[in-house]
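Working notes for the structure below.
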Amino acid sequence: VDAFQAWCGPCKTVVDLFQKISNEVGSDLLHFAVAEVDSIEALEKYRGKCEPVFLFYAGGELEAVVRGANAPLLQKTILEHL
């Protein structure tokens, strides 16, 4: 889940990265979602910073968190958790 804030410029470029990784991996096990933290109460702790936060869930449990739009780290984390 890409937890972002609409006013944050760096967060907007990550959608393209998700699409690229999704095309490369092409797995039924991999699903991307975006969530605007300003409108979701459960994500309140991620508000106020111009930094995207990526939450990795498996089986309904939070497995990993990556802060910042670091494409190599995101790709590595995705592949490790598949």
- [ ] Take the stretch 13-22 and flag every residue that is in contact with a helix residue (DSSP H, G or I) (Cβ under 9 Å, 6 or more places away or on another chain) and surrounded by 14 or more Cβ atoms within 10 Å (Cβ to Cβ).
- [x] VAL14, LEU17, PHE18, ILE21
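Residue-wise test of (1) over 21 Å from TRP7 (Cα atoms); (2) open to solvent by 50 Å² or more (accessible area, probe 1.4 Å); (3) without any contact (Cβ under 8 Å) to a residue 60 or more places away in the chain.
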position: GLU24; (1), (2), (3): yes, yes, yes
position: GLY48; (1), (2), (3): no, yes, yes
position: GLU51; (1), (2), (3): no, yes, yes
position: GLU63; (1), (2), (3): yes, yes, yes
position: GLY68; (1), (2), (3): no, no, yes
position: PRO72; (1), (2), (3): yes, yes, yes
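Just to be sure, is ALA35 in a loop (DSSP other than H, G, I, E, B), free of Cβ contacts under 8 Å to residues at least 60 places away in the same chain and touching a strand residue (DSSP E or B) at 6+ places or on another chain (Cβ under 6 Å)?
Taking the combined requirement at face value, the residue does not satisfy it.
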Open item on the list: Quick test for you: out of GLY26, GLY48, GLY60, pick the one residue that is modelled with pLDDT of 85 or more and at positive phi.
Closed with: GLY60
TODO: Could you list, in sequence order, all residues of the stretch 32-46 that are under 20 Å from THR77 (Cβ atoms) and surrounded by 11 or more Cβ atoms within 10 Å (Cβ to Cβ)?
DONE: PHE32, VAL34, ALA35, VAL37, LEU43, TYR46
Open item on the list: Could you check the stretch 38-82 and list, in sequence order, the residues that are within 12 Å of the chain's Cα centre (by Cα) and part of a loop (DSSP other than H, G, I, E, B)?
Closed with: GLU51, PRO52, GLY68, ALA69, ASN70
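The values are calculated or read from the model by the stated rules, or taken from the named source; none is laboratory data. Keep in mind it's a predicted model, so treat the numbers as computed, not measured. Please note: Cβ atoms are built from the backbone with ideal geometry, for glycine as well, and neighbour counts cover all protein chains shown. Protein only, heavy atoms only, side chains kept; ligands, DNA and RNA dropped before computing areas. Shrake-Rupley method; radii C 1.70, N 1.55, O 1.52, S 1.80 Å.
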